[in-house]
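The values are calculated or read from the model by the stated rules, or taken from the named source; none is laboratory data. Not measured: the values here are computed from a predicted model. Note that each Cβ is placed from the backbone with ideal geometry, even for glycine, and that neighbours are counted across all protein chains shown.
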Amino acid sequence: MSNAFMNNPVIKWIEYRLPIFSFMDESVGSKYPTPKNLNYWWTFGSLAGIVLVIMIATGIMLAMQYTAHTDYAFESVERIMRDVNYGWLLRYLHMNGGSMFFILVYIHMFRGLYFGSYKAPRELLWIIGVFIILAMMATAFMGYVLPWGQMSFWGATVITNLFSAVPLVGEWIVQWLWGGFSVDNPTLNRFYALHYLFPFVIFALVFVHLWALHVHKSNNPVGVEIKGPQDTIPFHPYFTIKDMVGFGVFMIFFLGFVFFAPDFFGEPDNYIKANPLVTPAHIVPEWYFLPFYAILRAFDFNILFLPAKLLGVIAMFMSILILLFLPWLDTSKVRSARYRPIYKQFFWLFFVVCILLGVVGGKPADHLFFGLIPAIYVGKAATAYYFAHFIILTPLIGWLEKPRPLPDSISAAVTKSGTSGQGAGS
Amino acid sequence: MKKYILSAVLMMAISSQTAMASEGAALPKQDWSFSGVFGTFDRAALRRGLQVYREVCASCHGLDLVSYRHLRQVDFSEDEIKEIAAAYEVTDGPNEEGDMFTRPALPSDRFANPFANANAARASNNGAFPPDLSLMVKARKGHADYLYAVLTGYKEEAPEGVQLMEGMNFNQYFPGNQIAMPPPLSEDGVEYADGTKATVAQMAKDVTVFLAWAASPELEERKRLGIKVLFFLIVLTGMVYAIKRKIWADLH
């Protein structure tokens with residue numbers, strides 16, 4: 001921060017007692033050294049942070065008007081849409097903000113996978129990130145129940161019922177989650193309470209995520225550690241302004257949906273009030289859960305004494321939890337896929353498989369692709385590949401692949417690639 | 001290679017669109033005044049649609065989420081709204097003696113529901129419940145196109161080989177093709193105040209416009225504000241990008 005600012009008597013008085021200004025300057029300001037070659041893929045973390053704040057802000061205002069009761073929840077949401085000043089805007093921001101949050105975080109995660117951001121010494125940074133996505137999923141799931149539409153109700157019924165697969169205590173766990181013998185008013189009430197709590201848990205996790213980030217600083221597209229001041233530039237103004245460009249583009253995308261296609265990510269069925277006596281023809285979760293839904297449904301067979309349902313549930317949770325072990329499953333010391341010709345191919349294949357799982361997850365179980373290939377087989381193959389990618393391919397590629405020679409340093413890479421047009425986003 | 005895999009996945013995503021048609025025939029696309037970035041509700045159609053709703057639909061279907069006063073948003077005058085509301089009787093109370101009483105509806109009341117409760121609605125309709133129409137346009141795949149298609153998609157005779165259940169009607173666009181609601185619209189079923197010829201297609205179109213408004217009363221305000229917001233954001237982002245270029249220039 002400028003000398004004039006720090007010499008202001010009021011600032012000095014506060015700084016002496018609570019060094020908040022120097023703290024900020026060292027965290028996201030001119031004293032925070034950042035690799036000079038970060039490209040726009042590195043803006044998605046800060047964008048996700050901004051969306052978290054937007055979600056909390058709009059969520060608190062929605063909570064002022066929302067009624068968590070099975071008799072009134074649906075109507076109270078419609079009251080927000082029709083009678084509360086700019087209630088429709090708050091609600092559409094919150095509704096689409098959820099989808100945006102997942103888009104940003106999924107891109108953020110794939111960026112980490114591509115550039116090897118999970119490798120030593122950033123394993124804990126990555127692991128905290130896995131906990132953040134888990135907390136996000138729990139929050140999103142419970143939030144989707146609150147409008148008490150048909151998909152809210154039946155989605156909640158299907159997902160909470162999964163826990164009945166747990167041996168011996170399954171039924172008991174489900175009733176404990178429900179607070180009764182079916183998804184009903186007590187369920188709605190506790191989901192509302194937890195949906196209000198979890199964002200603050202996420203906020204705390206994000207703080208720890210940033211703390212860990214600031215110890216070893218950002219990874220970068222080259223994947224070579226910072227070797228000295230010649231490799232870095234101050235976060236402010238270089239990355240504050242670069243993040244703002246990303247923010248502007250993102251807001252155009254986000255608000256484009258809010259204002260012109262607000263129900264794009266939603267299901268029409270959720271505009272029908274929940275009715276325990278009428279099951280929708282096709283129960284689907286929100287789009288960001290579809291790949292996991294496909295993994296869950298891929299298990300329609302028992303293995304020894306393990307029933308299909310339990311296998312599906314275990315696989316679904318493992319599909320996220322396996323990321324916790326990725327820093328050790330990846331045996332390559334080279335971070336960036338730019339220098340890993342084989343891994344790069346498999347990264348993109350893995351990306352396509354994830355999309356494919358999402359497509360399969362959105363289909364009825366008996367759907368035929370091209371009227372020929374049963375979706376369930378595609379789901380099984382994709383699920384098998386998903387896990388094989390982490391358990392078999394990732395360690396194997398690390399051992400067998402011959403990486404391309406790494407540049408000596410970030411600045412060496414920047415000057416070299418600057419001429420070849422492979423510039424790292426500047 | 002990457003491209004082939006990606007296009008295969010895309011194809012799979014698209015192939016599902018055609019499969020969805022098995023729920024009912026593919027919906028013909030209509031040209032709606034309220035679609036598109038600058039879309040607004042056609043006021044004349046919306047007025048005619050309200051008339052169709054009041055004279056036809058409202059004998060069975062409620063509109064519980066909409067108040068008479070909401071009609072102000074689409075340029076009905078205060079007096080018109082009072083007059084429309086006053087045509088309905090609603091139950092109020094209890095009064096000072098503890099008795100419930102009926103009174104003419106006020107602009108602040110929700111559209112009067114034809115039935116006292118869901119059981120009464122079922123009892124009058126062979127056990128079928130006529131759904132509330134407030135959100136109908138948003139609550140079905142295909143939205144306005146779907147509603148229009150169902151209203152115009154009745155066939156007097158079920159095609160050969162289709163066995164209709166007792167009291168059901170054949171509709172080519174309704175999922176499963178069997179709908180409890182008898183064809184609601186008939187030629188000249190209403191006499192339009194503005195002299196428009198009341199064909200089935202015309203009435204279906206008009207009432208769909210009205211119900212599209214009922215489902216998304218914020219649509220016009222939303223799109224108006226959206227244009228301003230996006231214009232602002234595009235200019236702002238352009239300026240921020242220029243500043244970014246300037247700040248980063250000294251690094252190269």
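Within segment A:333-366, how many residues are among the acidic types (D, E) and within 20 Å of the chain's Cα centre (by Cα)?
Of the residues in that region, 0 qualify.
Are any residues in segment A:298-310 in contact with a helix residue (DSSP H, G or I) (Cβ under 7 Å, 6 or more places away or on another chain) and part of a helix (DSSP H, G or I), and if so, which ones?
A:A298, A:K309, A:L310
Would you mind telling me which numbered condition in (1) over 30 Å from A:P147 (Cα atoms); (2) crowded, with 20+ Cβ neighbours inside 10 Å; (3) in contact with a strand residue (DSSP E or B) (Cβ under 7 Å, 6 or more places away or on another chain); (4) not hydroxyl-bearing (S, T, Y) B:L233 fails?
(3) is the only condition that B:L233 fails.
Test B:L251 against the stated conditions and say whether it is assigned to a loop (DSSP other than H, G, I, E, B) and either within 11 Å of chain A (Cβ to nearest Cβ) or touching a strand residue (DSSP E or B) at 6+ places or on another chain (Cβ under 7 Å) (or both).
yes
Assess whether B:P130 counts as being assigned to a loop (DSSP other than H, G, I, E, B), in contact with a strand residue (DSSP E or B) (Cβ under 8 Å, 6 or more places away or on another chain) and farther than 28 Å from B:I227 by Cβ.
No.
Does A:W41 fit the bill of being in contact with a Phe, Trp or Tyr (Cβ under 8 Å, 6 or more places away or on another chain) and not in a loop (DSSP other than H, G, I, E, B)?
Details: in contact with a Phe, Trp or Tyr (Cβ under 8 Å, 6 or more places away or on another chain): yes; not in a loop (DSSP other than H, G, I, E, B): yes.
Answer is yes for this residue.
Got a sec? Which of A:I295, A:I252, A:I314 is surrounded by 19 or more Cβ atoms within 10 Å (Cβ to Cβ), of a type in the set (V, I, T), at pLDDT 95 or above and part of a helix (DSSP H, G or I)?
Of the residues listed, the single one that is surrounded by 19 or more Cβ atoms within 10 Å (Cβ to Cβ), of a type in the set (V, I, T), at pLDDT 95 or above and part of a helix (DSSP H, G or I) is A:I295.
I want to confirm something. Restricting to segment A:1-31 and keeping residues that are modelled with pLDDT under 95 and hydroxyl-bearing (S, T, Y), which single residue is surrounded by the most Cβ atoms within 10 Å (Cβ to Cβ)?
A:S30
Go through A:G180, A:G155 for me and flag whichever is small (G, A, S) and part of a helix (DSSP H, G or I).
So the residue among A:G180, A:G155 that is small (G, A, S) and part of a helix (DSSP H, G or I) is A:G155.
Scanning segment B:113-140 for residues that are at the interface with another protein chain (Cβ under 10 Å from one of its Cβ atoms) and among the basic types (K, R), which turns out farthest from B:F41 (Cα to Cα)?
Only one residue tops the list, namely B:R140.
Tell me, please, whether a residue that is crowded, with 17+ Cβ neighbours inside 10 Å and within 30 Å of A:K242 (Cβ to Cβ) can be found in segment A:67-83.
No.
Consider segment A:367-415. How many of its residues are more than 31 Å from the chain's Cα centre (by Cα), within 14 Å of another protein chain (Cβ to nearest Cβ) and not hydrophobic (A, V, I, L, M, F, W, C)?
3
Sort out which residues of segment B:236-252 are of a type in the set (D, E, K, R) and surrounded by fewer than 16 Cβ atoms within 10 Å (Cβ to Cβ), and write them in order of number.
B:R245, B:K246, B:D250
Name, by its number, the condition in (1) under 22 Å from the mean Cα position of the chain (by Cα); (2) surrounded by 13 or more Cβ atoms within 10 Å (Cβ to Cβ); (3) more than 10 Å from chain A (Cβ to nearest Cβ); (4) among the charged types (D, E, K, R) that does not hold for B:E218.
(3)
Any residue that is β-branched (V, I, T) and farther than 18 Å from A:I241 by Cβ - is there at least one of those in segment A:20-40?
yes
Pairs under 6 Å by beta carbon, first residue on the phi > 0 side of the Ramachandran plot in segment B:107-133, partner in a loop (DSSP other than H, G, I, E, B), six or more apart or different chains?
Between residues of segment B:107-133 that are on the phi > 0 side of the Ramachandran plot and residues that are in a loop (DSSP other than H, G, I, E, B), the close pairs are B:N126/B:G167.
In segment B:198-215, which residues are surrounded by fewer than 19 Cβ atoms within 10 Å (Cβ to Cβ) and outside any helix (DSSP H, G or I)?
B:T199
Tell me, please, whether a residue that is in contact with a helix residue (DSSP H, G or I) (Cβ under 9 Å, 6 or more places away or on another chain), surrounded by 14 or more Cβ atoms within 10 Å (Cβ to Cβ), at pLDDT 95 or above and away from every other protein chain (no Cβ under 12 Å) can be found in segment B:21-28.
Scanning segment B:21-28, I find no residue that is in contact with a helix residue (DSSP H, G or I) (Cβ under 9 Å, 6 or more places away or on another chain), surrounded by 14 or more Cβ atoms within 10 Å (Cβ to Cβ), at pLDDT 95 or above and away from every other protein chain (no Cβ under 12 Å), so the answer is no.
Select from segment B:141-162 the residues that are charged (D, E, K, R) and more than 9 Å from chain A (Cβ to nearest Cβ) and write down the one among them that is surrounded by the fewest Cβ atoms within 10 Å (Cβ to Cβ). Write out each step before concluding.
Filtering segment B:141-162 for residues charged (D, E, K, R) gives B:141, B:145, B:155-157, B:160.
The next check asks that each one be more than 9 Å from chain A (Cβ to nearest Cβ); those that pass are B:145, B:155-157, B:160.
Numbers: B:D145: 20, B:K155: 13, B:E156: 7, B:E157: 8, B:E160: 5.
Ranking the qualifying residues of segment B:141-162, first place goes to B:E160.
Looking only at segment B:191-223, count how many residues are of a type in the set (A, V, I, L, M, F, W, C), modelled with pLDDT of 95 or more and over 20 Å from B:K138 (Cα atoms).
Number satisfying all stated conditions: 3.
Any idea which of A:E15, A:E75 is within 14 Å of another protein chain (Cβ to nearest Cβ), assigned to a helix (DSSP H, G or I) and acidic (D, E)?
A:E75
Would you confirm whether any residue within segment B:174-195 is assigned to a helix (DSSP H, G or I) and either touching a Lys or Arg at 6+ places or on another chain (Cβ under 8 Å) or away from chain A (no Cβ under 14 Å) (or both)?
There is no residue in segment B:174-195 that is assigned to a helix (DSSP H, G or I) and either touching a Lys or Arg at 6+ places or on another chain (Cβ under 8 Å) or away from chain A (no Cβ under 14 Å) (or both).
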